[in-house]
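The values are calculated or read from the model by the stated rules, or taken from the named source; none is laboratory data. None of these values were measured; they are calculated from a predicted model. Here the Cβ positions follow ideal geometry from the backbone for every residue, glycine too, while neighbour counts run over all protein chains shown.
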Amino acid sequence: MAALDAPPRPLVRGRGRGRGRGRGREARAAGLMTLPAIAGLALFVVTPFVLAIWLSMHYVNMQSILPPRWVGLQQYVMLFTNPAVRGQFYRALLNNAVFTVVVVPLQTGLALALAVALNQRIRGTAVLRTLFFMPVVFPMALVAVVWKLIYSPDQLGMLNSVLHLVSFGQIGPIDWLGNPHTALAAIIIMSIWQGAGLQMVILLAGLQEINPALYEAASIDGANRWQQFRNVTLPGLRNTLIFVSTVTVILAFQLFDQIYILTQGGPQDSTTTVMFQAVTSAFTDGNIGQGAAITVIFFIIVLAITLIQRRLLREEREVQ
């Protein structure tokens, strides 16, 4: 009787083999689908980083026909011991830090406010979304040229003209990009205006994924608009906000185009960034090795900050 009640063994084995083959096919398909991403990562991230490490250990002068000369860690030692190079590098790191600390929260907050406002069912939201996203489409070089005209130090500059008008002539022309106290702030304002549209679109997509029933339940419980935003909207956008803030931090550290077009690192190195110093060392001073050493150190710093940020956010999510 026990033998008759037992399930047929060949059928069970066949099912197991079928499931195994199915999982194997899925694994192979997943591997094939990730190959383009892995190839792109290896080609555009790993390979340039390895080449940068190799160049940083050589003295390569673009103005000389001599071949690269091995110098080991001399470029890194010079970066931290040479007073002129070290001072500029530390100032560039400070400018990058200030830019990031100011831009990330302000730009994210502005994008969140725009996304919440444009998520309402009102007339003309499609046009407004297009207008706010339009600066992202334009190249940064074009945006920087337009803002250079806005910041023009003479009375013909748009910003100076507006200030002169609203102050009834009491505020004279200000050299926004030529003053070390206002140059970095001017670049920060322009960068927030240009990048908020991309964050807005991402946050808007996250808002549309929140279940409307949650707002209805909160409204029935007597929650006002602010309470709904704090207890429904923000928790629902948590992962989206983490993604947006992480990407914004990385992009903020890559600040270069605005500096190159608007200020060239001046005045008095008040807008010099690490990327600008690396490019200047490599292509203006002709020392490719020192520029590569700066990029290697900067890459490690940005990677460490990103990993720490993700770690802290993950631990906070686990606690909650």
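Among the residues of the range 262-285 satisfying the criterion of being part of a loop (DSSP other than H, G, I, E, B) and touching a Gly at 6+ places or on another chain (Cβ under 9 Å), which is nearest to V145 (Cα to Cα)? First the steps, then the outcome.
Going through the range 262-285, the residues part of a loop (DSSP other than H, G, I, E, B) turn out to be 263-273, 285.
Checking which are touching a Gly at 6+ places or on another chain (Cβ under 9 Å) leaves us with 263, 266-267, 269, 271-273, 285.
On the way: T263: 11, G266: 17, P267: 18, D269: 20, T271: 17, T272: 18, T273: 19, D285: 25 Å.
The extreme case among them is T263.
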Answer from F80, F99, F89 - the residue that is at pLDDT below 90, assigned to a helix (DSSP H, G or I) and aromatic (F, W, Y): F80
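Given the options M140, M134, name the one that is closer than 23 Å to L203 by Cβ and touching an Asp or Glu at 6+ places or on another chain (Cβ under 9 Å). Explain how you work it out, then say what you get.
Details: M134 fails: touching an Asp or Glu at 6+ places or on another chain (Cβ under 9 Å).
Answer to the check: M140.
Filter the range 176-197 down to the residues that are hydrophobic (A, V, I, L, M, F, W, C) and touching a Ser or Thr at 6+ places or on another chain (Cβ under 7 Å), then identify the one that is farthest from Y260 (Cα to Cα).
Of the range 176-197, the ones hydrophobic (A, V, I, L, M, F, W, C) are 176-177, 183-190, 192-193, 196.
Filter once more, keeping what is touching a Ser or Thr at 6+ places or on another chain (Cβ under 7 Å): 176-177, 183-184, 187.
Details: W176: 16, L177: 12, A183: 13, L184: 13, I187: 11 Å.
The qualifying residue farthest from Y260 (Cα to Cα) is W176.
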Only one of T280, T284, T273, T233 that is touching a Phe, Trp or Tyr at 6+ places or on another chain (Cβ under 9 Å) and closer than 29 Å to S64 by Cβ: T273
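For the range 212-227, enumerate the residues that are surrounded by fewer than 16 Cβ atoms within 10 Å (Cβ to Cβ) and touching a helix residue (DSSP H, G or I) at 6+ places or on another chain (Cβ under 8 Å).
The answer is L214, S219, Q227.
Given the criteria of a type outside the set (D, E), buried (at least 21 other Cβ atoms within 10 Å of the Cβ) and farther than 19 Å from Q199 by Cα, does A292 qualify?
Details: of a type outside the set (D, E): yes; buried (at least 21 other Cβ atoms within 10 Å of the Cβ): yes; farther than 19 Å from Q199 by Cα: yes.
Spelling it out, A292 is indeed of a type outside the set (D, E), buried (at least 21 other Cβ atoms within 10 Å of the Cβ) and farther than 19 Å from Q199 by Cα.
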Selection status of I202, in contact (Cβ under 8 Å) with a residue 40 or more places away in the chain, of a type outside the set (S, T, N, Q) and in contact with a Phe, Trp or Tyr (Cβ under 6 Å, 6 or more places away or on another chain): no
Residues satisfying the stated conditions in the range 154-201, i.e. at pLDDT below 90, under 31 Å from the mean Cα position of the chain (by Cα) and either within 19 Å of V101 (Cα to Cα) or surrounded by fewer than 15 Cβ atoms within 10 Å (Cβ to Cβ) (or both): M158
Among residues of the range 75-90, those that are free of Cβ contacts under 8 Å to residues at least 60 places away in the same chain and hydrophobic (A, V, I, L, M, F, W, C), counted: 3
Any hit, the range 45-55, residues being at pLDDT below 85 and out of contact with any Ser or Thr (no Cβ under 8 Å at 6 or more places or on another chain): yes
Matching residues in the range 102-144 - criterion: being outside any helix (DSSP H, G or I) and more than 18 Å from L255 (Cα to Cα): N119, Q120, R121, I122, R123, G124
Residue check, Q75 within 16 Å of G289 (Cα to Cα) and at pLDDT below 85: no
Scan of the range 148-193 for residues that are more than 21 Å from P267 (Cβ to Cβ) and β-branched (V, I, T), ordered by number: V162, V166, I192
Qualifying residue in the range 115-133 (condition: touching a helix residue (DSSP H, G or I) at 6+ places or on another chain (Cβ under 6 Å), crowded, with 18+ Cβ neighbours inside 10 Å and under 30 Å from G291 (Cβ atoms)): no
Any hit, the range 132-153, residues being polar (S, T, N, Q) and more than 17 Å from T263 (Cα to Cα): no
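Residues that are among the small types (G, A, S): list the helices (runs of 4 or more DSSP H) wholly contained in the range 145-236 that include at least 2 such residues. Break it down into steps so the answer makes sense when it comes.
On the way: elements: 158-166, 183-208, 212-220, 225-228.
Correct list: 183-208, 212-220.
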